[in-house]
1. Which residues, counting only those in region 83-92, are over 17 Å from residue 327 (Cα atoms) and touching a residue at least 12 places away in the same chain (Cβ under 8 Å)?
2. Among the numbered criteria (1) under 13 Å from residue 170 (Cα atoms); (2) under 32 Å from the mean Cα position of the chain (by Cα), which one does residue 226 miss?
3. Out of the residues in region 363-379 meeting the condition of being part of a loop (DSSP other than H, G, I, E, B) and touching a helix residue (DSSP H, G or I) at 6+ places or on another chain (Cβ under 7 Å), tell me which one is nearest to residue 412 (Cα to Cα).
4. Restricting attention to region 121-133, does a residue exist that is more than 30 Å from residue 358 (Cβ to Cβ) and either at pLDDT 90 or above or under 39 Å from the mean Cα position of the chain (by Cα) (or both)?
5. Somewhere in region 151-166, is a residue assigned by TED's automatic domain parsing to the domain that holds residue 35, touching a helix residue (DSSP H, G or I) at 6+ places or on another chain (Cβ under 7 Å) and either closer than 24 Å to residue 18 by Cα or at pLDDT 95 or above (or both)?
6. Based on what the data block shows, is residue 211 surrounded by 12 or more Cβ atoms within 10 Å (Cβ to Cβ) and more than 41 Å from the chain's Cα centre (by Cα)?
7. Given the residues 268, 261, 331, which is the only one that is without any contact (Cβ under 8 Å) to a residue 40 or more places away in the chain and either under 28 Å from the mean Cα position of the chain (by Cα) or more than 30 Å from residue 93 (Cβ to Cβ) (or both)?
8. Within the group 124, 76, which residue is outside the structural domain of residue 349 (by TED's automatic domain parsing), in contact with a helix residue (DSSP H, G or I) (Cβ under 9 Å, 6 or more places away or on another chain), loosely packed, with under 14 Cβ neighbours inside 10 Å and under 30 Å from residue 10 (Cβ atoms)?
């Protein structure tokens, strides 16, 4: 057996694997022997079918299977032994595209595989500066969030007249210019949230109206855009321009969520028995908002760093190989048009993955199983705190932690969270960060 690497360019190479009879014959014989023990044919006792017949019936299939397994084993072994830093996996070479193997007569087999190398690069952080947004959580912001919480835990009432905080259901009926109902026209019962409605004309049309009251309205006044209007009237967006601007609206239901009172009952429902006063309630909201804005601020910072480092390193990737590899490994069939449409996004993601992996390796950033376990335990503890400070017994907690971390997908999420946290600490220690104080309303605006 022989494996030869032929360098095509800095990023691409071809592995040529040659298999001689002595490399595969014993494996084929053993496989056929094992197979003969299971074969049952009329006229022969189980396990007594002559080997010559087994060879004739299944020899080629077994040969192909064993050669393919041996090829995979040797290619993987060569890559590992030579510590090749590759992108993707080895693929059958385009040089072998039209090659036909004579499994009946050939004794020595030669196969070629294309491989692609990860680009070599260095990371330079000198002079890099980033803005990091910081929100000062003021009393007005806390009051707004407290009111929203109180409404979520409030009770539904059905007032006689609609006001600006009501949710109203109405029958919308299309009218002709003379005010008559259009025969076969639009008829749809839809909800209108007056609290969220920004068009003052639409809001004024409903406020003060009572159940079963009928009035005329332009439906565009109670929708934000063409898609919203089409959904409200049960039509296609393409039909919006052709409908009447005059509709009849008849109120069929009025409801309103009345906020819960600020008392111990509300505080305990939201945060458990640890919060008993309005001051503690608002302090808890302040703490949660600060954590939320800090997490989002870190996410924005990471996005800025990611974009800057991708541009700065400007990694060259083996484009043609990547396209072949994506097509080969994608779980669902992928057309070339679909691949091209999404390829730039995939390349950007791969470039960042290479950069992030290098950061982790060069700076010995590591997450231990103990850290993963402690992190998960903290997450579960916060979740249980919302259930009247429920505490799980130590034995059950350990079993729960073990079950979650044995799930590959869930474990990967936990480890990724911890790596992200440690990388953020690294970024903040390496880059020049300038704090920019912004009001909450501007926090999520792009620069």
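1. Listed by number, the residues that qualify are 84, 85, 86.
2. Exception for residue 226: condition (1).
3. 367
4. no
5. no
6. When the stated conditions are applied, residue 211 passes them.
7. 331
8. 124
The values are calculated or read from the model by the stated rules, or taken from the named source; none is laboratory data. Since the structure is predicted, the reported quantities are computational estimates derived from the model, not experimental observations. Using ideal geometry, Cβ is built from the backbone for each residue, glycine included, and neighbour counts are taken over all protein chains shown.
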